[in-house]
1. Within the range 34-54, which residues are of a type outside the set (S, T, N, Q), under 12 Å from the mean Cα position of the chain (by Cα) and closer than 25 Å to residue 235 by Cβ?
2. Can you tell me which condition residue 31 does not meet? The list is (1) farther than 26 Å from residue 213 by Cα; (2) over 18 Å from the mean Cα position of the chain (by Cα); (3) open to solvent by 50 Å² or more (accessible area, probe 1.4 Å), and all the others hold.
3. Is it fair to say residue 139 is more than 18 Å from residue 182 (Cα to Cα), open to solvent by 50 Å² or more (accessible area, probe 1.4 Å), touching a helix residue (DSSP H, G or I) at 6+ places or on another chain (Cβ under 9 Å) and at pLDDT below 90?
4. Within the range 95-103, is even one residue of a type in the set (A, V, I, L, M), modelled with pLDDT under 80, in a helix (DSSP H, G or I) and surrounded by 14 or more Cβ atoms within 10 Å (Cβ to Cβ)?
5. Which condition breaks for residue 78 when tested against (1) out of contact with any Pro (no Cβ under 6 Å at 6 or more places or on another chain); (2) at pLDDT 90 or above; (3) open to solvent by less than 30 Å² (accessible area, probe 1.4 Å)?
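The values are calculated or read from the model by the stated rules, or taken from the named source; none is laboratory data. Small disclaimer: the values here were computed from a predicted structure and weren't measured. Every residue, glycine as well, gets a Cβ built from its backbone with ideal geometry; the counts of neighbours run over all protein chains shown. Accessible surface is based on the protein model in full, side chains and every heavy atom, while ligands, DNA and RNA are left aside. Shrake-Rupley method; radii C 1.70, N 1.55, O 1.52, S 1.80 Å.
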Amino acid sequence: MAGAGFAAGTINTVVGSGSLVTYPVLVALGYSPLVANVSNTIGLAPGSVSGAIGYRHELKGQRGRILWLGAYSLLGGLTGGLLLLAAPKAFKAIVPVLILLAALLMGVQPRLSAWLRVRQANTVAHPAAAVHGAHGRMLLPVLVFATGIYGGYFGAAQGVILLALLGLLIDDGLQRLNGLKNVLTVLVNGTAAILFALASSPAWGAAGILALSSIVGAQVGAAVARRVPERVLRAVIVVGGLTVGTVLAVR
């Protein structure tokens, strides 16, 4: 479990979707899908905070965005968490689909990131960069809220979705948008984690192990992960996610 938490902290720093490692491990260790999910959310939340702190320099000048979009992320995370607690039996049937979706998103992330870099190659990063038009300003909060619902409910690969949305609808450098994405993810995961801690029955021992090991993984593991080819790391995550999702679907 500690190894999975460490790996998740590392993976979230490098490519995201660490839940595709920790959630299957918790299920394999005998926890029910619901307990595994809420414990995983609580356990990985501190690692998300650690990653956001690492991007604090890119957040300069983005206070307005954080307050604006952060409110929708917070509400989305709360809504997703409440949906999970309101219909816990449905989660077992839905989670294979969510795992398969997260694995597929991880598979296309390199192409998506490359497209965003090309699209923003001539964009000058500055705090006053605006959302693309009035339609973008109206659409972005709705999409961020919807992503927050998904993140509060399950959460794997929500960072991939968020970065794509921000890159499409905000003119700014990719690294600055990645910093914003990290903060929004913290708000979603943190809100859901607090809700689950108060209103559900997580496995506190598992959550504690994941919290400590993911923090260490976020800070130390990234240095090790840089020596591993990203394609190899990503392939392991995608294949593992597809395998776990398929196994759960046919049970």
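1. The initial filter retains those residues of the range 34-54 that are of a type outside the set (S, T, N, Q), namely 34-36, 38, 42-47, 49, 51-54.
Imposing the further condition that a residue be under 12 Å from the mean Cα position of the chain (by Cα) reduces the set to 44-45, 47, 49, 51-52.
Answer for the range 34-54, where residues must be of a type outside the set (S, T, N, Q), under 12 Å from the mean Cα position of the chain (by Cα) and closer than 25 Å to residue 235 by Cβ: 44, 47, 51.
2. The single condition residue 31 does not satisfy is (1).
3. yes
4. Going through the range 95-103, the residues of a type in the set (A, V, I, L, M) turn out to be 95, 97-103.
Narrowing further to those that are modelled with pLDDT under 80: 102-103.
Pick out the ones that are also in a helix (DSSP H, G or I) and you get 102-103.
Subsequent filtering for residues that are surrounded by 14 or more Cβ atoms within 10 Å (Cβ to Cβ) retains 102-103.
Looking for residues that are of a type in the set (A, V, I, L, M), modelled with pLDDT under 80, in a helix (DSSP H, G or I) and surrounded by 14 or more Cβ atoms within 10 Å (Cβ to Cβ), one finds at least one in the range 95-103, hence yes.
5. It is condition (3) that residue 78 fails.
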